Each structure stands twice: as structure tokens, then as C-alpha cells.
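Undergrad: Dropping the structure in here first, questions after.
The values are calculated or read from the model by the stated rules, or taken from the named source; none is laboratory data. It should be emphasised that the depicted structure is a prediction, and the values quoted were computed from it without experimental measurement. Ideal geometry is used to build each Cβ from the backbone, glycine not excepted, and the neighbour counts take in all protein chains shown. Quick note on the areas: whole protein, heavy atoms, side chains included, nothing else; ligands and nucleic acids left out. Shrake-Rupley method; radii C 1.70, N 1.55, O 1.52, S 1.80 Å.
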Amino acid sequence: MSTVLTHVTDELQSIFDRARSVAVLTGAGISAESGVPTFRGGGDSEIWTWRGRPVTELSSAELIATDPQLVWEWFDYRRGMLTSVEPNAGHRALAEWERRFEDFTLVTQNIDDLHRAAGSLNVLELHGNIWRARCLRCASTFEARESPLEENPPRCLACNGPARPDVVLFGELLPDGVFERAEEAAARADLFFVIGTSAVVYPAAGLPITAKRRGARIIEVNPEMTDISFIADVTLLGKAGELLPQFLKERG
Ligand code: BJW
Ligand code: ZN
């Protein structure tokens, strides 16, 4: 059973200060305070739906194979929402953590790019990036920032082939090498944070399990208990934007 806390205690602070290798896994919840909707939330059965379809169907390998234009419309809608959002105090705290530790790895499931916007330099994006497109013909990737899109599907800059969002949909493999680097960081970590994720989507949700098995302390930050709470040493119950900056408070 994990210890449930609602603020950073002196003991927790000293564990943080003494850590040598820190890894962090973030999910949609870290961006919630910026106004980005989460996929799941509230009750167990609530899942984000758009035009009557759940995200598990919209962001799926099946739908991109059968109706790529609809998938682009869904992502266009999401891109539209993201154009006006800014990183929050939680993102900014993590950018500061990166500067504090010699060995620090930030792994995110988010595709919103807000960690980088907050100043994080080294970000492992497990599920891709919403501002990138990938050519279905020649596989080259390119930045595609216009919102709304001028053309659906957008065309590849290199070969004019049709492109798709460079994100990882349900039933697709993660980009080569990224998960392996995340697993290495989880295995090395003596402190592993699980922040703002329901921890139901694999393989990402396996990272805290790897870390735990390899001896790391697990600290979860979430306003709700999750599927991973049972392996957490500490669950910090609350919002990331309020809790993460607490680790950076000057003490004296
Ligand atoms: C706050 C907060 C605040 C709120 N502060 N917190 C093993 C078992 C069963 C199934 C599988 C398995 N392994 C693989 C699978 C299949 C599948 C899967 O995991 N399904 C599960 C649902 C069961 N996985 C895959 O398909 C993956 N691919 C794969 O495994 O390839 C091999 C394979 C090939 C072929 C067939 C089968 C396997 C790929 C997964 C890709 C996921 N992609 C998405 C969409 C990306 C594009 C897009 O954005 O549309 O990624 S799904 C969606 O979920 C998105 C997220 O990154 C991901 C995780 O969600 P996250 O971040 O946890 O968000 P929420 O909303 O769930 O949670 C938010 C949390 O925040 C909540 O807990 C709140 O309480 C909290 N919160 N405010 C802090 N202020
Ligand atoms: Zn191309």
C-alpha cells in the first residue's frame, strides 16, 4: 500500500534532494491545468468522445487505414485547441528538475509539445508529436503547424505523397528506440515519478513496473488513485501544477 500525502513533506523532500537518477513519466493530466482535455477522467467509464466516437476508435490504426480524412479532422480539432494553450507550473517545474539532476529523463505520453515549450530539453515522446506529419509514401517526417489544415490530407514536402499525423495510435508500434531508452532510464532510476496518467495504456504503463522491479522508489502525482497506485511508495494526491513546484521551494 502506498502512503497517501497531499503535500510535499520534509521526508519526501529529502528523498528528492538525495536522488541521483530520476525518471519521470507524464500523461495527459500534466496538461489539464493548461486547459487540455484528458482522455479518461472522472468515473471509470468516462472516455473522451468526439462526434459520438470514443478516442480508442478515433486514434486507432483501424480508423487511419479506413478513413484517414476523418482522423485528420479529429487531429485538426485537437490542434485548434492547442494553438491557444501555454505550459503550466507543472511543466515548468519539470524543466527546472532537469537542470537539478545529473541523470534526469523525462518520458511523456503526450503529443502536445508543452514540455518543450516549458523549457525541457531532453524529452522522450512515446506517442509522437501532434505538430509533425509523416508521409505515407516515403516515410519522411516534417513539421506541420498550420491549423486548420489547408489540405486534408496534407502533402509530403519531399514527394508530395499523402501524410498522416506522426503519432502512435492504438494498435501501432512505438517509434523505434524510444521505448528502449525510456526502459533503460526506468531501470537506472532510484526515483521514478508517475505524473498525470491513468496508467492503463501499454507499454507506457509498464515503465513504473520496470522501475519498481529494479529498486526505484515510485512517487505518483495525481488527484485520483489509479491502476498504478498499488505499486507507488507515495501517492501525492492533488494537481501536478500545485505539487511539483513544491519540490523546488527554498528551505532554510
Ligand atoms: C491529473 C490532473 C492534474 C487530471 N494533475 N493529474 C497489454 C494489455 C492490454 C492491451 C495492450 C497491452 N499492450 C498493448 C495493448 C494495446 C494498447 C493498450 O494499451 N490498450 C489499453 C487501453 C488496454 N496499446 C497499444 O495499442 C500501443 N501499441 C502497442 O502496444 O503496440 C504493439 C501492438 C501492436 C498491434 C496490436 C497490439 C499491440 C500504442 C498505444 C498508443 C496510445 N495512443 C494514445 C493516442 C495518441 C494520439 C492521440 O493523442 O490521439 O495516447 S491513446 C491515449 O492514451 C494517448 C495517451 O498518451 C494515452 C495515455 O493516456 P493518459 O496520458 O494516461 O491520459 P488519461 O486521460 O488516461 O489520464 C489522465 C490522468 O490525469 C487521470 O488519471 C487524471 O486523474 C489525471 N489528472 N488532472 C495531475 N491537474
Ligand atoms: Zn513523401
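Undergrad: How large is the convex hull of the C-alpha atoms of segment 65-105 per residue, in Å³? Spell out each step's value before the answer.
TA: On the way: hull volume 3.9 nm³, N = 41.
Cα convex hull per residue, to the nearest whole number: 95 Å³.
Undergrad: Still on this structure, I have one more. Sum -39500 (n - 2.57) across every DSSP H segment of at least 4 residues in the chain, then divide by the residue count to get the 222 nm mean residue ellipticity, nearest 500. Walk me through the numbers before you get to the answer.
TA: Values: 10 runs with 76 residues, N = 252.
Estimated from H runs of four or more residues: -8000 deg cm²/dmol.
Undergrad: Looking only at segment 221-252, which residues have a backbone nitrogen under 15 Å from a spot 7 Å from the Cα of D17 in the C-beta direction?
TA: Under 15 Å, as judged by backbone N against the label point of D17, lie 246-252 of segment 221-252.
Undergrad: Before I look further, what does segment 1-149 give for accessible area per residue, probe 1.4 Å, in whole square angstrom?
TA: 48 Å²
Undergrad: Sort H7, H127 from largest to smallest accessible area, using a 1.4 Å probe on the heavy atoms of the protein chains.
TA: Ranked list, largest accessible area first: H7, H127.
Undergrad: Ignoring any ligand, DNA or RNA, what whole percent of the accessible area of the chain comes from carbon and sulfur when the probe is 1.4 angstrom? The partial results should precede the final answer.
TA: On the way: 5940 of 12180 Å².
That fraction is 49 percent.
Undergrad: What full-extension length gain, to one decimal in nm, is calculated for V178 and R213 as 0.36 nm per residue of separation minus the Cα-Cα distance?
TA: Gain on extension, V178 to R213, equals 10.6 nm.
Undergrad: How long are the three semi-axes of the equivalent ellipsoid of segment 88-147, in whole Å, if each is the root of 5 times an eigenvalue of the C-alpha gyration tensor, listed from largest down? Walk me through the numbers on the way to the answer.
TA: Working: eigenvalues 138, 33, 14 Å².
In descending order, the three semi-axes are 26, 13, 8 Å.
Undergrad: Of the options T210, A185, G238, report the single residue whose Cα projects farthest towards the positive end of the charge dipole of the chain (beta-carbon charges: Lys, Arg +1; Asp, Glu -1).
TA: Working it through, the farthest residue towards the positive pole turns out to be A185.
Undergrad: Could you list the trypsin sites (Lys or Arg not before Pro) in segment 13-73 that lie in coil according to DSSP, counting only those with at most 10 other Cβ atoms within 10 Å of their Cβ?
TA: Listed in order of number, the matching sites are R51.
Undergrad: With label points built 7 Å along Cα→Cβ from the Cα atoms of T66 and E86, find their separation and express it in nm.
TA: Between T66 and E86, the simple spin-label model gives 4.3 nm.
Undergrad: Using modelled backbone amide H atoms (1.01 Å from N, in-plane), which distant-in-sequence or interchain residues come within less than 5 Å of T235's amide H?
TA: For T235, the qualifying residues are T3, V4, L5, E220.
Undergrad: Right, another one. For segment 65-82, what does the Karplus curve 6.51 cos²θ - 1.76 cosθ + 1.60, with θ = phi - 60°, yield as ³J(HN,Hα) per residue in whole Hz, taken in order and with x for Gly and Pro?
TA: Listing the rounded values in order: 6, 9, 8, x, 5, 5, 4, 5, 5, 4, 6, 4, 4, 5, 5, x, 5, 6 Hz.
Undergrad: Can you list the residues, at least 5 places off or on another chain, whose amide H is less than 5 Å from the amide H of D103, using H built in the peptide plane?
TA: Here V22 satisfy the definition.
Undergrad: How big is segment 117-252 in terms of Cα radius of gyration and Dmax, in angstroms?
TA: 18.5, 60
Undergrad: Measure nothing fancy, just the Cα-based angle from helix 178-188's long axis to the longest principal axis of the chain, in degrees from 0 to 90, nearest 10.
TA: Around 0 degrees separate the two axes.
Undergrad: Might you report the magnitude of the Cβ-based charge dipole of the chain about its Cα centre, with Lys and Arg at +1 and Asp and Glu at -1, to the nearest 20 debye?
TA: 300 debye
Undergrad: Something else now. May I ask what percent, to the nearest 5, of DSSP beta bridges between residues of the chain are antiparallel?
TA: Of all bridge pairs located within the chain, approximately 30 percent are antiparallel.
Undergrad: Next up: If you average 1/r over every pair of different alpha-carbon atoms in segment 103-179 and take one over that average, what Kirkwood value in Å do you get?
TA: Value: 13.5 Å, from the Cα pair sum.
Undergrad: Further question: With N set to the residue count of the chain, report its C-alpha Rg divided by 2.2 N^0.38 Å to two decimal places.
TA: The chain yields a ratio of 1.03.
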